[in-house]
Amino acid sequence: MNILIIDGQGGGVGKVLVEKISMECRSADIIVVGTNSTATVNMMKGSSNCNGATGENAVIYNAARADVIVGPIGIIMANAMYGEITPRMAEAITDSEARIILIPMSKCQIHIVGVQEKRISDYVDEVVTRIAGMES
């Protein structure tokens, strides 16, 4: 299974995702793509068993090849994350054949009715449980 983890800003959410997914889904190929180099470097610190790239083209290229795409909800919104998500990135992610698993974040100026307010770590645990269930 090819898992693409996308994050921006400092890559903190992505790093936690990498750490937990790499421990639970050992047979998965994990690729991290940061919208900036800081995010990429920080996500790669989550596991020595992942590959990383940075920027718009890396998102577009890898989204087309992923089985699962994971990240904060802003990755599907053009101009989110203070403009780090380009319209082409958002389009590539939403057009992908991959299963997309998003973590709701209040910083995106979007509130999804019905979604419970939880800690990021609780959402990450849910993501890992879903991905691990896909491997079986």
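Between K20, K45, K118, the Gaussian network model of the chain with springs among Cα atoms under 10 angstrom shows the greatest mean-square fluctuation at K118. Rounded to the nearest whole Hz, the Karplus-based 3J(HN,Hα) values (6.51 cos²θ - 1.76 cosθ + 1.60, θ = phi - 60°) of the stretch 72-79 follow the sequence x, 4, x, 5, 9, 10, 3, 6, with x at glycine and proline.
The length gained by stretching the chain between S27 and I110 to full extension, at 0.36 nm per residue less their Cα-Cα distance, is 26.5 nm. Compared with the alpha-carbon gap, the fully stretched path from N79 to D125 is longer by 13.8 nm at 0.36 nm per residue.
Put a dot 7 Å past the Cα of D95, heading toward its Cβ, do the same for E19, and the two dots end up 3.6 nm apart.
Of the trypsin sites (Lys or Arg not before Pro) in the stretch 51-107, the ones in a loop by DSSP (not H, G, I, E or B) with at most 13 other beta carbons within 10 Å are R65. In units of the rule-of-thumb radius 2.2 N^0.38 Å, the chain shows an alpha carbon radius of gyration of 0.94.
Helical content of the chain, expressed as a calculated mean residue ellipticity at 222 nm, amounts to -12500 deg cm²/dmol (DSSP H runs of 4 or more residues, -39,500 (n - 2.57) each, divided by residue number, nearest 500).
Summarising the overall dimensions of the stretch 25-75 from its C-alpha atoms, the Rg and Dmax are 10.6, 28 angstrom. By other beta-carbon atoms within 10 Å, ranking S96, S121, S47 with the fewest at the front produces S121, S47, S96. A Förster radius of 35 Å, combined with the Cβ-Cβ distance separating E117 from A53, puts the computed FRET efficiency at roughly 0.60.
Just to be sure I understand the model, the point goes 7 Å from the Cα along the line to the Cβ. What's the resulting R65 to R88 distance in nm? The modelled label-to-label distance comes out at 1.7 nm. Taking the three principal axes of the alpha carbon atoms in the stretch 70-136, the coordinate ranges are 34, 28, 18 Å, sorted in descending order.
Only the coordinates and a few stated rules stand behind these numbers; no lab work does. The structure displayed is predicted, hence computed values, not measured ones. Note that each Cβ is placed from the backbone with ideal geometry, even for glycine, and that neighbours are counted across all protein chains shown.
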